[in-house]
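Let me begin by presenting the structure, written as structure tokens, before commenting on it.
The values are calculated or read from the model by the stated rules, or taken from the named source; none is laboratory data. As the structure is a prediction and not an experimental result, all values here were calculated from the model. Ideal geometry is used to build each Cβ from the backbone, glycine not excepted, and the neighbour counts take in all protein chains shown. The area values use the complete protein model at the heavy-atom level, side chains included, leaving out ligands, DNA and RNA. Shrake-Rupley method; radii C 1.70, N 1.55, O 1.52, S 1.80 Å.
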Amino acid sequence: MRPDLPSGTVTFLFTDIEGSTKLLHELGAEKYGEALAEHRRILRDAFVAHGGVEVDTQGDAFFVAFPTAPGALGAAAAATTALANGPIRVRMGIHSGTPHLTQEGYVGEDVHRAARIAAVGHGAQVLVSASAAALVGTDGLTNLGEHRLKDLTAPERIYQLDAEQFPPLKSLHQSNLPIASTPFVGREKEFPEVVGLLSQDRIRLLTLTGPGGTGKTRLAMQAAAAVSERYPHGVWWVPLAALRASELVLEAAALALGAKDGLAEHIGDRSLLLLFDNFEQVVEAAPDVAALLAACPNLEILVTSREPLHVTGEQEYPVPPLAHEEGVGFFLARARAVKPDFEVDDTVSEICRRLDDLPLALELAAARVKALTSGQILERLERRLPLLTGGARDLPERQRTLRATIEWSYDLLAGEEQGLFVRLAVFAGGCTLDAAEEIAEADLDTLQSLVDKSLVRRSDERFWMLETVREYAAERLDELPGADEVRRRHTEHFLALAEDAEPELPADRRDLLERLQQEHDNLRAVLDRAEAAGETQLAQRLSGALTRFWMMTGQVAEGRRRLESAVAADARPTPARAKALTGASMLAADAETSRARAEEALALERELNDERGIAAALLALGSAYSYTDMTKAAELYEESARGFLEADDQHHALIVNRGLAWAYINLGDRERGRALHKENLRLARALSNERIEAITLGALAMHAVEEGDLEQALPMLTESHRLHVKLNEPFQTACDVLRHAALLAASGNVQTAARVLSSADALAEESGTDLRSWDREFIDELNRTIRERLDDHAFAEAWEQGRSLSADRAVALALDALS
């Protein structure tokens with residue numbers, strides 16, 4: 001063990017040269033060699049002067065350890081200053097931790113974290129982790145906010161030494177890749193190969209194939225994170241494990257991206273990577289993926305699947321098991337996660353061989369080291385695997401090995417653990433503890449035991465299974481005498497969730513929307529079972545209850561398909577059918593269908609004498625008529641509003657009155673429309689309905705602009721924007737930016753108005769919506785006003801500048817121009 005290396009709390013500093021290959025070509029070999037030598041001298045002098053110890057060098061990079069954080073920052077500052085006038089620009093990352101010191105040097109996550117922090121910086125930039133900043137204080141540091149590094153860990157706050165301006169950090173700034181719960185181990189050959197394939201412009205569709213449990217998902221995620229800089233518009237994960245309907249694949253992608261009006265339209269020319277994970281059970285969607293690629297020239301797609309998609313242009317990459325040495329390292333890492341003092345011996349290598357070095361099989365076996373020695377694990381595997389792999393001859397050999405390992409793990413469970421494991425298979429997409437207790441009769445100790453044995457996973461407050469494991473458990477569930485009762489409880493629980501949430505959604509209950517989104521796969525499972533079993537009334541009840549959820553979350557296409565299927569399956573005149581008809585009207589693709597469904601719903605609700613149902617059907621019918629006959633729409637809205645008020649449903653009344661005010665304005669009665677907006681604003685604030693408050697403020701601001709009262713309009717617009725950002729309403733935020741452009745144009749600031757209008761247009765596109773769908777006539781008039789005062793060159797320049805403005809920056813620009 002090196003005696004000069006500091007121990008305890010250590011601060012690491014990593015350096016790397018920016019653009020070294022380019023610099024070599026620019027300077028030539030001789031001058032580059034001279035510059036490199038001078039750079040090394042400067043760095044080493046600074047390190048030694050501040051107490052640093054050189055741990056390692058790799059190529060142009062230094063790895064240095066300091067006994068104190070101030071020493072590391074002092075060395076970085078001195079070195080950066082000394083290098084400022086030279087050709088070489090060095091990025092540095094600093095992180096403090098308590099690494100394990102061995103004969104080979106430092107071991108632990110802190111070493112990797114320091115290197116990852118350095119990797120996201122730019123030449124001459126010194127980045128400092130939160131732990132290092134805590135040891136030196138934040139004076140002289142610039143807070144760059146929280147960033148996700150490419151190891152897929154949780155976001156970390158990063159600071160910069162001094163306040164110099166640099167481009168954004170090369171972190172995962174646009175991505176929904178999930179946070180990894182364990183370190184990425186192995187794949188020394190496959191990882192760079194997959195990264196290399198993703199980096200080739202000619203490959204736009206890459207499919208990682210292999211049996212379940214080979215680690216396709218983790219390899220894909222790590223590779224996607226590694227190449228994220230290639231995609232200015234982000235890397236987006238689309239999980240498909242819980243889906244069984246191929247038509248939902250593109251809708252799942254649209255949801256991940258926040259696309260509202262068509263996935264291909266939302267992506268357009270954007271450069272981004274979609275990662276479709278677990279494609280095998282929806283492989284019929286392969287032509288849809290191919291069509292999406294053809295429609296979006298800068299889109300690239302990465303897929304994990306047990307089989308290729310078999311479409312033109314696909315590059316397949318078969319994912320093998322881990323190399324044997326990597327398998328041993330993987331087993332050791334997972335074993336030490338549950339038993340930190342676990343020591344490797346000869347039997348570990350044999351365990352890995354017996355399990356074909358399959359990551360999931362190794363993880364299941366490693367989870368047993370708390371109770372069994374490695375020798376006992378090997379003995380039991382050797383006794384069970386030959387018997388278990390003798391069946392299922394239609395499966396690939398490695399898949400039989402994995403199935404055998406899952407069965408071996410199952411056989412080792414106690415009776416109550418086996419029962420719970422099987423009952424949990426009823427959940428699609430996981431569950432909360434409360435749901436597990438109510439539906440699967442779970443107790444916390446038994447559930448935690450399954451987590452400890454790697455058969456169940458836990459993320460935040462949800463418990464879930466890998467799909468390979470769940471498939472096995474589902475087969476066992478089919479054999480369980482009480483399976484029908486478990487499924488009945490599952491159905492009743494999630495039907496109640498949807499029906500209890502439905503009347504609360506108009507009150508802008510974002511917590512309920514999030515809960516329904518979390519349980520969407522379970523709700524889908526209930527609908528699928530109901531449709532398959534011919535339980536048509538159940539399908540109508542549930543789909544009708546989910547209508548507003550689908551509408552508010554932009555999942556209109558799925559909702560439309562579910563509702564149309566439900567109403568077509570059962571024509572009996574029941575309350576369930578009436579609600580489903582109203583829902584089908586609200587989500588219909590055209591005015592004619594919307595009107596037909598609403599008229600049938602209204603007739604049925606009147607026959608059933610359901611006052612609240614009548615009001616809801618009138619609202620749907622009014623919305624349908626608003627496309628063709630605004631006078632008729634206003635009449636229907638007025639009757640609907642009376643019905644909701646009589647039913648004491650004030651939040652629904654707010655929604656109706658918003659449509660009614662719009663109808664009055666379109667019919668030329670602007671004063672009446674404005675008065676209704678003002679009353680709606682008062683009620684929305686009294687009821688704490690921020691969504692209606694924000695939309696109404698925007699409408700009233702436009703009234704003020706039309707009357708020339710810009711001073712009154714501005715604070716209303718500012719508040720509308722603040723609320724829509726808070727509520728995470730991308731399209732309404734774009735509309736607020738548009739309103740600011742209108743205010744600027746009215747004040748004569750047409751140059752700035754053009755930039756802000758361009759920003760609004762781009763923001764609407766990002767939300768998957770055409771801005772002109774909001775009010776085509778208004779936008780065309782605003783565009784004409786601006787173009788009349790700007791020549792073509794000035795307008796084009798302003799438009800180009802505005803495309804990259806964020807909503808907050810566009811609003812700030814407007815406020816500056818109007819102050």
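The table that follows gives values for the structure above.
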{"item": "Ellipsoid equivalent to the stretch 739-819 - semi-axes via the Cα gyration tensor, in Å", "result": "17, 15, 12"}
{"item": "Options ALA436, VAL469, CYS296, ranked by Cα towards positive dipole end of the chain, top entry (Cβ charges)", "result": "VAL469"}
{"item": "Approximate spin-label separation ARG353-GLU38, in nm, with each point projected 7 Å along Cα-to-Cβ", "result": "5.8 nm"}
{"item": "Å² per residue, accessible surface of the chain at 1.4 Å", "result": "43 Å²"}
{"item": "Stretch gain in nm, segment ASP511-GLU379, where the contour uses 0.36 nm per residue and the Cα spacing is subtracted", "result": "42.5 nm"}
{"item": "Surface/4 estimate of mean projected area, convex hull on alpha-carbon atoms of the stretch 186-258, nm²", "result": "5.9 nm²"}
{"item": "Kirkwood-based shape ratio for the stretch 298-348, expressed as Rg/Rh from alpha carbons", "result": "1.24"}
{"item": "(i) 182; (ii) 195; (iii) 207, with the label sought being that of the calculated volume of the Cα convex hull per residue in Å³", "result": "(ii)"}
{"item": "Ranked packing of 202-209, 100-107, most packed first, by mean Cβ within 10 Å", "result": "202-209, 100-107"}
{"item": "With every protein chain in place, the stretch 184-223: carbon and sulfur % of accessible area (1.4 Å)", "result": "57 percent"}
{"item": "Value at 222 nm in deg cm²/dmol, rounded to 500, when DSSP H runs of n ≥ 4 in the chain each add -39,500 (n - 2.57)", "result": "-18500 deg cm²/dmol"}
{"item": "Listed pairs LYS579/LYS632; LYS170/LYS216; LYS22/LYS170 exceeding 27 Å between Cα atoms", "result": "none"}
{"item": "Estimated translational D of the stretch 445-522 in µm²/s (Stokes, Kirkwood radius over Cα pairs; 37 °C; 0.692 mPa s)", "result": "222 µm²/s"}
{"item": "Estimated FRET transfer efficiency (ARG612, GLU30; beta-carbon r; R0 60 Å; 0.05)", "result": "0.10"}
{"item": "Per-pair calculated FRET efficiency, R0 = 45 Å: ASP648 and ASP775 via Cβ, rounded to 0.05", "result": "0.85"}
{"item": "Inter-probe distance in nm under a simple model that places probes 7 Å from Cα toward Cβ, at ARG488 and ASP460", "result": "3.4 nm"}
{"item": "Net charge contributed by nearby residues that have their C-beta within less than 14 Å of ARG457 (K/R +1, D/E -1)", "result": "+1"}
{"item": "Full-extension gain in nm, GLU316 to GLU797, via 0.36 nm per residue minus C-alpha separation", "result": "168.8 nm"}
{"item": "Cross-link reach list, aspartates and glutamates versus LYS339, counting only Cα pairs under 15 Å and skipping chain neighbours closer than eight places", "result": "GLU363, ASP452"}
{"item": "Charge dipole (debye, nearest 20) of the chain; +1 at Cβ of Lys and Arg, -1 at Cβ of Asp and Glu", "result": "820 debye"}
{"item": "Principal axis dimensions, the stretch 79-146 - Cα atoms, whole angstrom, descending", "result": "39, 27, 19"}
{"item": "Estimated distance in nm for a label pair at TYR627 and ALA180, the labels positioned 7 Å out from Cα along Cα-to-Cβ", "result": "4.8 nm"}
{"item": "Radius 12 Å from Cβ of ARG489, net charge of other residues (Lys, Arg +1; Asp, Glu -1)", "result": "-3"}
{"item": "Column: log10 I(q)/I(0), Debye, Cα scatterers of the stretch 644-710, q = 0.24 Å⁻¹", "result": "-1.02"}
{"item": "Hydrodynamic radius of the stretch 423-571 per Kirkwood, over alpha carbon pairs, in Å", "result": "16.2 Å"}
{"item": "Computed FRET value (nearest 0.05) for HIS100 with GLN518, which takes r as the C-beta separation and R₀ as 45 Å", "result": "0.75"}
{"item": "Centroid-to-centroid separation of the stretch 212-243 and the stretch 570-640 [C-alpha atoms, Å]", "result": "43 Å"}
{"item": "The stretch 264-342 - convex hull of the alpha-carbon atoms, volume per residue in Å³", "result": "144 Å³"}
{"item": "Fully extended contour minus Cα-Cα distance, from ALA591 to GLU164, at 0.36 nm per residue", "result": "148.1 nm"}
